[in-house]
1. Which one is farthest from ARG62 (Cα to Cα), of the residues in the stretch 1-51 that are at pLDDT 80 or above and hydroxyl-bearing (Ser, Thr, Tyr)?
2. Taking TYR69 as the residue in question, decide whether it is within 28 Å of PRO17 (Cα to Cα), surrounded by 14 or more Cβ atoms within 10 Å (Cβ to Cβ) and not charged (D, E, K, R).
Amino acid sequence: MEINGYTRSMSQKGCSPDNAACEGLFGRIKNEFFYNQDWKNVTIEEFSRELDKYLHWYNEKRIKKSLGYLSPAEYKRSLGFAV
């Protein structure tokens with residue numbers, strides 16, 4: 001990555017509180033989507049489709065107590081944002 005001029009992370013090494021929201025999201029993705037599947041014979045295209053379906057469900061259907069029992073998309077719409 002460095003050869004191409006990309007920065008891998010903007011956080012300090014070993015300091016996940018620098019990016020707690022992303023760390024939490026990726027933890028949920030791993031626990032709810034990745035770990036409970038057998039991915040041995042799945043192509044990258046199939047994996048990508050399944051991840052897209054999960055992210056759609058996460059944003060459109062999965063309710064959160066902290067958002068008043070709305071999904072993230074419903075919450076944003078309730079504030080007048082386009083989703």
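1. THR43
2. Judged against the criteria, TYR69 is not a match.
The values are calculated or read from the model by the stated rules, or taken from the named source; none is laboratory data. Values in this document were obtained by computation on a predicted structure and should not be read as measured data. FYI the Cβ positions are ideal-geometry reconstructions off the backbone, even for glycines, and counts take in every protein chain you see.
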